[in-house]
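Could you have a look at this structure, given as structure tokens, before my questions?
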């Protein structure tokens, strides 16, 4: 028997329970992975609260890194002993042991630890598609706005933007987080608890505004972010930390300059095996080259996942966080 975090009703962090579970032999096309580190992501709170509904009772978590212990029929790419990582599910990463589809796994290169891999798979692959693969991507010399720049995704974005020669304006909640974002490559920071971010974007850009806004905050920032965009600019809404944006009159996009809006997801950009492998390789190569540094800034025992959720939602964490089985 082994253990996992599960929940049988939606609600606050207290619904997360440390339970004994039985894990069968891996099925066809599956690998059984002994987790060494599990990634904590804001989307996990959406599953827990029911914002993104799951069939209950359910496991939770989308990202982990570990060692293959066994392979089911039809698996040729992996073998016991391989170091592997995954992101974006299937759900249930908050576990000591998990059977996972082999075509959703990638090998962890030498030089990258389990903790690093679990800190960057979901968040790093998200940054990869946001900066590199949307229909409008920033060019060297461009200035973009990125909300929550001191979070796990944000700190990777700050570094990746610097690699690309992109000037990233990052919004944060405190001077401590502003310093952290600048240390990781943000060209400018805005402390949104003290400053009007729209006014500051106008000031920083000399009234030119920005071609792209990246927003994982949602309800609290969406409308004002539209006013930060140039004509035909792109609003990238990829999260709902403050709540869902809700119904929006599309006429607003016309009135504010023929704006574009996208609501992308990682699975849409890594759904094909070749896309997943190529994206992970680009991320791993930048980390191995020292151009992007990713290490967990917080660590919790997996059985204390509820406390990790409390701290995440209270904005007490910065950068990436891992849960240790």
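The values are calculated or read from the model by the stated rules, or taken from the named source; none is laboratory data. All figures in this text were calculated on a predicted structure; none of them were measured in a lab. Counting neighbours? That spans all protein chains shown, and the Cβs are built from the backbone with ideal geometry, glycine included.
Going through 291, 303, 316, 281 one at a time, which residue ends up being in a loop (DSSP other than H, G, I, E, B), modelled with pLDDT of 95 or more, more than 16 Å from the chain's Cα centre (by Cα) and not assigned by TED's automatic domain parsing to the domain that holds residue 216? Before you say what the answer is, go through the steps one by one.
Numbers: 303 fails: in a loop (DSSP other than H, G, I, E, B); 316 fails: modelled with pLDDT of 95 or more; 281 fails: in a loop (DSSP other than H, G, I, E, B).
After applying the criteria, what remains is 291.
Suppose we keep only residues that are part of a helix (DSSP H, G or I) and under 23 Å from residue 149 (Cα atoms) within region 244-267. Which one would you say is farthest from the chain's Cα centre (by Cα)?
Among those that are part of a helix (DSSP H, G or I) and under 23 Å from residue 149 (Cα atoms), it is 267.
Further question on the same structure: If I ask for residues that are part of a loop (DSSP other than H, G, I, E, B) and in contact with a helix residue (DSSP H, G or I) (Cβ under 9 Å, 6 or more places away or on another chain), which ones from region 211-238 would you list?
From region 211-238, those part of a loop (DSSP other than H, G, I, E, B) are 216-221, 227-228, 238; that's our starting set.
The answer is 216, 217, 221, 227, 228, 238.
Further question on the same structure: Within region 196-218, is even one residue surrounded by fewer than 13 Cβ atoms within 10 Å (Cβ to Cβ) and closer than 22 Å to residue 153 by Cβ?
Checking region 196-218: not a single residue is surrounded by fewer than 13 Cβ atoms within 10 Å (Cβ to Cβ) and closer than 22 Å to residue 153 by Cβ.
A further question on this structure: Answer with yes or no whether residue 241 is part of a helix (DSSP H, G or I) and either crowded, with 16+ Cβ neighbours inside 10 Å or on the phi > 0 side of the Ramachandran plot (or both). Talk me through it step by step, then tell me what you get.
On the way: part of a helix (DSSP H, G or I): no; either crowded, with 16+ Cβ neighbours inside 10 Å or on the phi > 0 side of the Ramachandran plot (or both): yes.
Answer is no for this residue.
Within region 219-238, restricting attention to residues that are farther than 30 Å from residue 310 by Cβ and over 22 Å from the mean Cα position of the chain (by Cα), which residue is surrounded by the most Cβ atoms within 10 Å (Cβ to Cβ)? Full working, then the answer.
If we filter region 219-238 for residues that are farther than 30 Å from residue 310 by Cβ, which is where we start, we get 226-235.
Next, only the ones that are over 22 Å from the mean Cα position of the chain (by Cα) stay: 226-233.
Values: 226: 21, 227: 16, 228: 25, 229: 23, 230: 14, 231: 10, 232: 11, 233: 23.
My answer is 228.
Of all residues being in contact with a strand residue (DSSP E or B) (Cβ under 7 Å, 6 or more places away or on another chain) and in contact (Cβ under 8 Å) with a residue 40 or more places away in the chain in region 1-14, which is surrounded by the most Cβ atoms within 10 Å (Cβ to Cβ)? Just the residue, please.
So in region 1-14, the residues in contact with a strand residue (DSSP E or B) (Cβ under 7 Å, 6 or more places away or on another chain) come out as 1-7.
Going one step further and asking which of them are in contact (Cβ under 8 Å) with a residue 40 or more places away in the chain, we end up with 2-7.
Values: 2: 14, 3: 16, 4: 25, 5: 28, 6: 19, 7: 23.
That would be 5.
Restricting the search to region 23-42, which residues are out of contact with any strand residue (DSSP E or B) (no Cβ under 8 Å at 6 or more places or on another chain) and over 15 Å from residue 310 (Cα atoms)?
Matches in region 23-42: 28 only.
Could I ask something else about it? Scan region 6-23 and tell me whether some residue there is under 19 Å from the mean Cα position of the chain (by Cα) and not in a strand (DSSP E or B).
No, region 6-23 contains no residue that is under 19 Å from the mean Cα position of the chain (by Cα) and not in a strand (DSSP E or B).
Turning to a different aspect of this structure: Looking at region 298-315, I want the residues that are closer than 15 Å to residue 36 by Cα and have a partner that is assigned to a helix (DSSP H, G or I) and at pLDDT 95 or above with Cβ atoms under 7 Å, at least 6 apart or on another chain. Which pairs are those?
Correct list of pairs: 300/307; 300/308.
If you check every pair at least six apart or on different chains, which have Cβ atoms under 8 Å apart with a residue in region 177-196 that is assigned by TED's automatic domain parsing to the domain that holds residue 155 and on the phi < 0 side of the Ramachandran plot first and a residue that is at pLDDT below 95 and part of a strand (DSSP E or B) second?
180/319
Does region 132-146 hold any residues that are on the phi < 0 side of the Ramachandran plot and surrounded by fewer than 23 Cβ atoms within 10 Å (Cβ to Cβ), and which are they?
Of region 132-146, the ones on the phi < 0 side of the Ramachandran plot are 132-140, 142-146.
132, 133, 134, 135, 136, 137, 139, 140, 142, 143, listed by residue number.
So for region 30-41 (the condition being crowded, with 21+ Cβ neighbours inside 10 Å, at pLDDT below 95 and under 27 Å from residue 316 (Cα atoms)), does at least one residue qualify?
Taking every residue of region 30-41 in turn, at least one turns out to be crowded, with 21+ Cβ neighbours inside 10 Å, at pLDDT below 95 and under 27 Å from residue 316 (Cα atoms).
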